[in-house]
Every structure is written in C-alpha cells, then in structure tokens.
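Chemist: Pasting a structure here, questions to come.
FYI, it's all coordinate maths here, none of it is from the lab. What you see is a predicted model, and the numbers here were worked out from it, not measured in a lab. Every residue, glycine as well, gets a Cβ built from its backbone with ideal geometry; the counts of neighbours run over all protein chains shown.
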Amino acid sequence: MDFNKNIFNKNCFDNVDLNFYYGVISMFIGRKEELDTLNTIYQKNGFDMVVMYGRRRIGKSTLLAEFIKDKKAIFFTATKVGADRNLELMSRQTAAVLDPSVINVSFPTVEDLFDFITARMTDEKLIIVIDELPYWAEKDEALLSIIQKYIDTSWLESNLMLILCGSALSFMEDKVLSEKSPVFGRRTAQIKLEAFDYLEAAEFVPNYTYEEKAICYGVTGGVAKYLSLFDPDKSLDDNIKEQFFNKAGYLFDETRNLLTQEFNDITPVNNVIERIASGSVALNIIADKVHEKEATVTYTLKKLMSVGLVDKKLCITEEKNKKKVQYILKDHMFRFWYSFIPQAYSLIELGAGASYYDAAVKPKLHTYMSYVFEDMCRYYTLKAGVNGTFGTFITSVGNWWGNEVLTDSTGKKYQQTADIDVVGISDIDKTFVVGECKFRNENADKNVYDTLVRRSNIITSRYSLKKLLIFSLGGFTKWFDECDDERLMLIGLKDMYEEV
C-alpha cells in the first residue's frame with residue numbers, strides 16, 4: 001500500500017507505533033458506512049468538523065488512517081505526556097506536512113501552532129486529526145476554547161476538515177458534544193464507533209464454518225483489535241489458545257491492561273466485573289456479592305459504562321420500570337476472559353494453558369455462547385425486521401424477563417421466573433415478534449415451541465403477536481414438519497449469515 005510520505009514521516013511519529021499504521025491498515029476490513037460518511041464530508045468545500053469516539057481497541061485510529069490515505073493530512077495522536085509535550089509532538093508532525101524545512105520547530109503556545117497552520121492553508125483540502133484528544137485536553141483546559149476561537153475567526157472560510165477523536169466516552173460526550181462544550185454547534189457530524197456485529201466480524205475469518213465464525217465473534221466481542229489477532233489460516237481452537245491461554249498471548253492479560261489504562265484503582269471495577277460475568281446482574285445482588293453499599297457499586301457501574309465495558313439493560317416492554325434493570329458486560333471478550341481465565345491463571349503461567357483449554361473450556365463453549373447467540377439473534381431480528389422479513393417494521397429489539405403462572409398436575413397454580421430471549425416491537429403498527437435461541441448441537445423440539453407460545457402471552461396486550469421465531473444451531477426435529485402455525489419461522493445459523 002502506498003502512503004503519502006509527508007503524512008507518515010517517521011520523524012514526526014515518534015509517539016506512534018508505526019507497525020500499527022503500516023501493518024494493520026493494509027488489511028483494512030469493514031467500516032464502509034463510516035468511511036462513506038467521512039469521504040462525503042471530505043468532498044465538500046469549506047470547513048467541517050467531525051467528532052469520532054468509541055471505546056479502546058474498537059478501531060478508531062485504523063479507520064482514520066485508512067480515510068486519510070493519499071490525502072493531505074496532519075494526524076496527531078495525543079498521549080499521557082502532558083500538554084507541553086503534546087504541543088511539541090504535534091508541532092513536529094504539522095511541520096512535516098506543511099513545511100518540512102522547519103521540521104524541528106517547536107511552538108510555545110497552541111495559538112502559535114494554529115497560526116502556523118492557518119498561514120499555510122491553501123485551496124487544497126487539509127485534514128487535521130487530533131486522536132485521543134482527552135489526553136491533551138484534560139491537561140490543557142483552554143484547548144477546546146482555543147479550537148473554538150480558531151474555528152470562528154480563521155477556519156470557517158478555509159478548506160479544512162478537523163477531526164476530534166477520543167476513547168474516553170464520558171469526556172467526548174460531556175466536554176466535546178454537550179451544549180456546555182466550547183465547540184458545541186460547530187460539528188458537521190459525529191460518529192460513535194461500536195464493535196463489529198457478527199456479520200462484519202465474520203469477514204476476518206472468511207474460511208471458518210458458521211459455527212466457528214459465531215464463536216470467534218463470541219470470544220472477541222467484535223472488537224477490531226481482537227479480531228485482527230486471529231489468524232484466518234489457523235484453526236479457531238489454535239487462535240483461542242494462542243491469544244488467551246498462552247502467557248505471551250495478547251488477550252491473556254488484556255482485561256487488566258485495559259482496566260489499568262482507564263482506572264487508577266482497578267480493584268473495585270474488577271470485583272464488579274467478576275460478579276456480572278458470573279451472572280449477578282441486579283444492583284442489589286452485585287452489591288451484596290462485593291460487600292459494598294449500592295451507592296458505591298452504582299458509582300463503579302457508571303464508570304464502567306462511561307468506558308463502554310458495561311451496559312444497563314431494561315426490560316423491553318417495561319422500560320419505565322426502574323426495578324427491572326440488569327447490568328451486563330457489553331464486551332463479550334471480557335465475559336469470556338472472566339469466565340475461564342482467572343481459575344486457570346497459574347496453569348497458563350506454567351505453560352499448560354492449551355491442555356486446560358482442551359479439557360475444561362472447549363466442552364463449555366456452547367454453554368458460554370448461549371448469551372452471545374441471543375445477542376446475535378436480537379441483531380438479526382432487528383435487521384430482518386427493518387427489511388420487512390416479518391411483515392412488520394420492527395423499531396426496537398430487546399428481551400423480556402419476569403414471572404409466569406403455571407398449573408401443576410394437581411391443578412395447583414404456582415409461579416416461576418421466565419424470560420424471552422428475543423422481543424422485537426413495532427411501534428408503528430403495534431405488533432411484536434418473539435424468539436427463543438438455542439446454541440447447541442441438538443435439534444430444537446416441540447417443547448421449545450410450546451414454551452415460546454406460552455410466554456408470548458405474557459407480553460403486554462398493547463401489542464399483537466406477529467411471528468414466533470426459533471433460532472437453532474443444531475436444526476429442528478421432524479415435529480416442525482407437521483406444525484401448521486403460520487406465525488412460526490425456523491431460523492438456522494446459515495440463515496443468520498446468508499439471509500439478512
């Protein structure tokens with residue numbers, strides 16, 4: 001791949017891993033919609049500002065580097081080195097692009113740097129990327145105000161595309177995008193980069209079976225960096241062993257590394273993540289398990305949500321019911337790691353990780369994947385629902401949990417907890433679809449259908465049932481050949497990958 005040498009000058013990238021830019025970008029996968037958005041903005045004349053944000057490892061820098069390829073651009077990545085050092089480093093990179101004759105220049109103030117840029121602007125489109133903006137802006141509270149001043153006084157009439165990017169979600173939302181931000185109202189677009197969905201993740205391992213692609217998605221969470229570590233020419237088992245169950249593997253200690261980057265004290269966040277990964281999803285239960293007050297755990301949960309690791313899930317038909325709240329790990333890789341690595345840490349250190357995986361992890365992969373599969377099925381339902389597959393336009397998808405009343409063989413009524421894996425709602429015509437998900441190597445049978453029909457009757461009467469969906473890895477029994485329920489749709493893993 002050819003690069004503009006002015007942009008990727010080694011002298012001005014002394015704080016950036018050049019292997020990242022020269023290696024990973026040559027295998028750029030996905031992000032078509034985001035690239036199209038950036039290129040559409042780039043084709044316009046005049047000033048534009050784009051705000052991009054998303055959790056670490058999600059692929060923001062890779063996307064931006066792919067976008068500026070063969071374009072005139074200043075690409076600066078801030079680091080935790082203080083305001084003065086970041087100014088010095090950006091000064092070098094700016095000079096390398098705009099005036100290489102003064103490559104060692106160092107500007108005393110941000111205003112001097114921006115004056116230098118402004119004086120050398122031409123009719124040719126210029127892109128300025130400030131990646132990991134929070135590292136710099138947190139140490140220089142005036143930075144955003146200075147950017148706002150130059151936008152309003154010098155850059156609005158220029159042919160400039162400014163991109164502000166960061167991994168600290170709370171900072172980007174509160175300090176850059178909110179009404180209180182100095183640059184509020186100046187942005188042309190904002191892009192929140194999320195993990196790849198299961199379909200996009202499959203592009204990293206094109207020769208895997210559908211089941212292997214699903215598991216690959218389930219252990220990486222669709223995070224770009226983690227997916228890029230999987231060698232498509234190696235088996236799924238070998239990739240998992242190499243990355244997770246090998247003390248030299250990137251993902252062996254990734255959770256600790258990432259938490260250390262985000263938090264000064266990782267003990268409370270680690271304790272909360274452990275509880276959620278083990279199935280404790282209610283605030284009071286988490287607090288009880290970690291032996292902390294609910295207010296303390298709430299504070300920790302908010303911090304985890306601010307960096308994109310935890311999400312707050314509401315029961316889809318009762319979103320105003322504050323008692324029906326669950327906290328889940330948004331990152332499937334974290335869930336996989338906490339499910340299997342802690343208890344095997346010593347074995348992995350001794351070099352026995354591969355054997356442990358074969359004996360203790362691989363037999364449990366389908367059980368682990370049950371939650372991931374539900375997530376995949378909800379995504380499929382939303383996408384298929386938008387495409388009209390169910391004869392109704394699905395506007396939201398989630399799951400439902402609560403209680404159901406049953407009758408035993410003696411006629412006595414009793415109550416038990418119940419959940420519905422997939423609930424897709426159309427607020428347009430007040431209809432809904434429900435689904436049950438089975439990621440196991442056996443056929444789904446009549447019992448699955450009966451349970452789904454029974455539980456579908458619990459959903460609020462404000463909506464009418466449109467479709468019954470049964471998702472199954474292992475296929476379906478012959479009983480379904482005789483079932484004449486026109487509402488029923490049977491969906492295999494192949495359908496989920498080929499028919500969306």
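Chemist: Given the peptides 28-34, 59-65, 370-376, arrange them by the average over their residues of other C-beta atoms within 10 Å, most packed first.
Modeler: Going from most to least packed, we get 59-65, 370-376, 28-34.
Chemist: So how far, in whole Å, is the C-alpha centre of segment 75-131 from the one of segment 258-333?
Modeler: 40 Å
Chemist: Per 0.36 nm of contour for each residue apart, how much would the distance between Cys483 and Lys313 grow if the chain were fully extended, relative to their Cα-Cα spacing? Kindly include the intermediate steps, with their values, before the conclusion.
Modeler: Details: separation 170, 0.36 × 170 = 61.20 nm, distance 3.43 nm.
Stretched fully, the Cys483-Lys313 segment lengthens by 57.8 nm.
Chemist: Still on this model: Once Lys and Arg get +1 and Asp and Glu get -1 on their Cβ, which of Ser154, Leu258, Pro108 lies farthest toward the positive end of the dipole of the chain?
Modeler: Leu258
Chemist: With each pseudo-label sitting 7 Å past Cα toward Cβ, what's the Ala295-Asn45 distance in nm, one decimal?
Modeler: Computed distance between label sites Ala295 and Asn45 equals 6.0 nm.
Chemist: Report P(r) for segment 416-500: all Cα-Cα distances, bin width 10 Å, range 0 to the bin holding the largest distance, values in whole percent.
Modeler: 16, 49, 30, 4
Chemist: Specify which residue in the list Met49, Thr79, Leu89 is farthest towards the positive end of the charge dipole of segment 36-93, using unit charges on the beta carbon of Lys, Arg (+1) and Asp, Glu (-1), about the Cα centre.
Modeler: Going by the Cα projections, it comes out as Thr79.
Chemist: To the nearest 20 debye, what charge dipole does segment 10-192 have about its Cα centre, counting +1 at the Cβ of each Lys and Arg and -1 at the Cβ of each Asp and Glu?
Modeler: 560 debye
Chemist: Using Cα pairs closer than 8 Å and at least 6 residues apart in sequence, work out the relative contact order for segment 199-365, in percent. The partial results should precede the final answer.
Modeler: Numbers: 159 pairs, mean separation 38.7, N = 167.
About 23 percent, as a whole number.
Chemist: What does the charge dipole of segment 371-498 about its Cα centre add up to, to the nearest 20 debye, if the Cβ of each Lys and Arg holds +1 and the Cβ of each Asp and Glu holds -1?
Modeler: Around 300 debye, computed over segment 371-498.
Chemist: Given a Förster distance of 56 angstrom, what is the FRET efficiency for Met27 paired with Val405, based on the Cβ-Cβ distance and rounded to 0.05? Write down the numbers at each step before the final one.
Modeler: Working: r = 55 Å, r/R0 = 0.97.
E between Met27 and Val405, to the nearest 0.05, is 0.55.
Chemist: Under the rule of -39500 (n - 2.57) per DSSP H run of 4 or more residues, summed and divided by the residues of the chain, what mean residue ellipticity at 222 nm is obtained, to the nearest 500 deg cm²/dmol?
Modeler: The per-residue figure over the chain is -11500 deg cm²/dmol.
Chemist: How big is the convex hull of the Cα atoms of the chain, per residue, in Å³?
Modeler: 182 Å³
Chemist: Additional query: Quick check for me: using +1 on Lys/Arg Cβ and -1 on Asp/Glu Cβ, what's the dipole size of segment 74-148 about its Cα centre, in debye to the nearest 20?
Modeler: Charge dipole, segment 74-148, about its Cα centre: 200 debye, nearest 20.
Chemist: Okay, moving on. What whole-number volume per residue, in cubic angstrom, does the convex hull of the C-alpha atoms of segment 10-192 give?
Modeler: 111 Å³
Chemist: May I ask you to order 232-238, 131-137 by the average number of other C-beta atoms within 10 Å around their residues, highest value first? Don't skip to the end; give the middle numbers.
Modeler: On the way: 232-238: 13.6, 131-137: 23.4.
Final packing ranking: 131-137, 232-238.
Chemist: What is the percent of Cα-Cα separations in segment 199-365 that go past 28 Å?
Modeler: For segment 199-365, the fraction of Cα-Cα distances above 28 Å is 28 percent.
Chemist: Given R₀ = 22 Å, FRET efficiency for Gln415-Val325 by Cβ-Cβ distance, to 0.05?
Modeler: Efficiency at R0 = 22 Å is approximately 0.55.
Chemist: Hey, another quick one. Just need the relative contact order of segment 10-192 here, percent rounded to a whole number, with Cα pairs under 8 Å and 6+ apart.
Modeler: Values: 258 pairs, mean separation 59.8, N = 183.
In percent, rounded to a whole number, it is 33.
Chemist: Of Tyr226, Asn387, Leu169, which is farthest on the positive side of the dipole of the chain, counting Cα position, with +1 on Lys and Arg Cβ, -1 on Asp and Glu Cβ, and the Cα centre as origin?
Modeler: Positive-end residue among those listed: Leu169.
Chemist: On a 24 Å Cα-Cα criterion, which of the cross-link pairs Lys60/Lys494; Lys32/Lys175; Lys362/Lys494 come out too long?
Modeler: Over 24 Å Cα-Cα: Lys60/Lys494; Lys32/Lys175.
Chemist: Same structure again: Calculate the length of the line joining the C-alpha centroid of segment 417-444 to that of segment 33-74, in whole Å.
Modeler: The distance from the Cα centre of segment 417-444 to that of segment 33-74 comes to 37 Å.
Chemist: While we're looking at this one, here's another question. Would you mind counting up the charge near Asp237? Only other residues with Cβ under 10 Å from its Cβ, with Lys and Arg at +1 and Asp and Glu at -1.
Modeler: -1
Chemist: Report the net charge of residues surrounding Val423, where surrounding means a beta-carbon distance below 15 angstrom and charges are Lys +1, Arg +1, Asp -1, Glu -1.
Modeler: Working: positive: Lys313, Lys324, Arg378, Lys430, Arg454, Arg455, Arg462, Lys466, Lys467, Arg487; negative: Glu318, Glu319, Glu374, Asp375, Glu404, Asp419, Asp421, Asp427, Glu436.
Net local charge, Val423 excluded: +1.
Chemist: Once the other residues with Cβ under 13 Å from the Cβ of Glu179 are scored (Lys, Arg +1; Asp, Glu -1), what is the net sum? Don't jump to the answer; show the numbers that get you there.
Modeler: Numbers: positive: Lys175, Lys180, Arg186, Arg187; negative: Glu173, Asp174.
Net local charge, Glu179 excluded: +2.
Chemist: Moving to a separate point now. With r as the distance between the Cβ atoms of Glu194 and Ile428 and R0 = 22 Å, compute the FRET efficiency 1/(1 + (r/R0)^6) and round to 0.05.
Modeler: Between Ile428 and Glu194 the formula returns 0.30.
Chemist: Once you keep just the Cα pairs under 8 angstrom separated by 6 or more residues, what percentage relative contact order results for the chain?
Modeler: Taking the mean separation of contacting Cα pairs over the length of the chain, I get 11 percent.
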